[in-house]
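Student: What follows is a single structure, and I will ask about it in a moment.
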Amino acid sequence: MGLQWIEANGTRLRYEFRRRGSGTLVLVHEMGGRLESFDGLVAGLGEDWSILRYDQRGAGQSDRIAGSLSIDTPAADLASLLDALEIAGPVIVVGAALGASIAIRFAAKWPARAAALVLLAPSTGLIAGNYDATIEKIEILEKSAQEGTVAQVGNGPRLSDPASSAATWRMLIGLDLTADLAGLSCPVLVAAGTKDTFRPPAHVVEVAARIPGAQSLVLDTGHVMAIETPDLVAATIATFLDNAGFAPGSPVPAGVSISAGGVSS
């Protein structure tokens, strides 16, 4: 099945759903990304899984964000998308950066629908010291939205929908997933990148420590690891799912070993 659009939770989402006979992986992209962020990862995951990926509200070719945003909205978008596609069984959610936060809230609100989580460089709120720079970024985006111009923040890409970007950044400022993390009951893998300057390994390991029983690993990659090193991420996901009893046997990726406390580099 190719790219399609569907109504979910009151918004129109662009998605791709590759149906196979086994369980379903749902891929939730990073802030500023789109479903194509996972092109390499989908190829690396092989043909055994059903794979759903989509443009989040306010991203790619899905509908834009109207007004303010809370993490409950994209989490409900995911739940509604599963309903619309009649995916009834629990799914494995792979979330990248802010997509990981959506996966966390989804699993916290609908625990019976989350079989496992893979959190890639999770963005669970602002890192201390980044508040002023983030407010400045939001103000640039909101001014651009008011003037109807294309926004550019620093050396980043030019943004055709600055209002959606500003709403997403404001959501991140107020994000608090403390209770969600502590309440997760499904198998969880949390991955950090050695070259990640946005969510350094020490920060990601702290997030993992707040999740009961979570496995934590550090990979030789950057922040948007599904794009930068898709084969390594795919192999890591396959190993985690195999160890958790979800997938056929898979070799441990190079540079990663399984220890008593979980997975480490």
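Student: Being in contact with a helix residue (DSSP H, G or I) (Cβ under 6 Å, 6 or more places away or on another chain) and of a type in the set (D, E) is the filter here; which residues of the range 208-240 pass it?
Tutor: Correct list: D231 only.
Student: Would you check if R12 is modelled with pLDDT under 95 and in contact with an Asp or Glu (Cβ under 7 Å, 6 or more places away or on another chain)? It would help to see each step written out before you state the result.
Tutor: Values: modelled with pLDDT under 95: no; in contact with an Asp or Glu (Cβ under 7 Å, 6 or more places away or on another chain): yes.
The answer is no for R12.
Student: Now for a different question. Among the residues in the range 233-247, are any modelled with pLDDT of 95 or more, among the hydrophobic types (A, V, I, L, M, F, W, C), farther than 13 Å from V190 by Cα and part of a helix (DSSP H, G or I)?
Tutor: Yes, the range 233-247 has at least one match.
Student: Does L172 satisfy the condition of being modelled with pLDDT under 95, closer than 28 Å to I6 by Cα and open to solvent by less than 10 Å² (accessible area, probe 1.4 Å)?
Tutor: In short, yes.
Student: Okay, moving on. Can you tell me which residue in the range 32-62 is least open to solvent (accessible area, probe 1.4 Å), limited to those that are in contact with a Lys or Arg (Cβ under 9 Å, 6 or more places away or on another chain), part of a loop (DSSP other than H, G, I, E, B) and more than 20 Å from M171 (Cβ to Cβ)?
Tutor: Checked the range 32-62; the qualifying residue least open to solvent (accessible area, probe 1.4 Å) is W49.
Student: For the range 1-31, which residues satisfy the criterion of being of a type in the set (S, T, Y) and either open to solvent by 30 Å² or more (accessible area, probe 1.4 Å) or within 14 Å of the chain's Cα centre (by Cα) (or both)?
Tutor: Filtering the range 1-31 for residues of a type in the set (S, T, Y) gives 11, 15, 22, 24.
Result: S22, single match.
Student: Let me spell it out: the conditions are (1) out of contact with any strand residue (DSSP E or B) (no Cβ under 6 Å at 6 or more places or on another chain); (2) part of a loop (DSSP other than H, G, I, E, B); (3) open to solvent by 60 Å² or more (accessible area, probe 1.4 Å), and I65 meets all of them except one. Which number is the exception?
Tutor: Status for I65: all satisfied but (3).
Student: Okay, moving on. If F198 satisfies all but one of (1) at pLDDT below 95; (2) within 14 Å of A100 (Cβ to Cβ); (3) crowded, with 19+ Cβ neighbours inside 10 Å, what's the number of the condition it fails?
Tutor: That leaves (3) as the condition not met.
Student: How many of the residues making up the range 29-53 are hydrophobic (A, V, I, L, M, F, W, C) and in contact with a His (Cβ under 7 Å, 6 or more places away or on another chain)? Outline the logic, then answer.
Tutor: Within the range 29-53, the subset hydrophobic (A, V, I, L, M, F, W, C) is 31, 35, 38, 41-43, 45, 49, 51-52.
Next, only the ones that are in contact with a His (Cβ under 7 Å, 6 or more places away or on another chain) stay: 35, 38.
Qualifying residue count, the range 29-53: 2.
Student: Quick test for you: out of G156, G213, pick the one residue that is at pLDDT below 90, part of a loop (DSSP other than H, G, I, E, B) and surrounded by fewer than 21 Cβ atoms within 10 Å (Cβ to Cβ).
Tutor: Unique residue meeting the criteria: G156.
The values are calculated or read from the model by the stated rules, or taken from the named source; none is laboratory data. Every value quoted in this text rests on a predicted model; they were computed, and no experiment measured them. No Cβ is skipped: glycine too gets one built from the backbone with ideal geometry, and neighbour counts run over all protein chains shown. Side chains included, ligands, DNA and RNA excluded: accessible areas come from the protein's heavy atoms. Shrake-Rupley method; radii C 1.70, N 1.55, O 1.52, S 1.80 Å.
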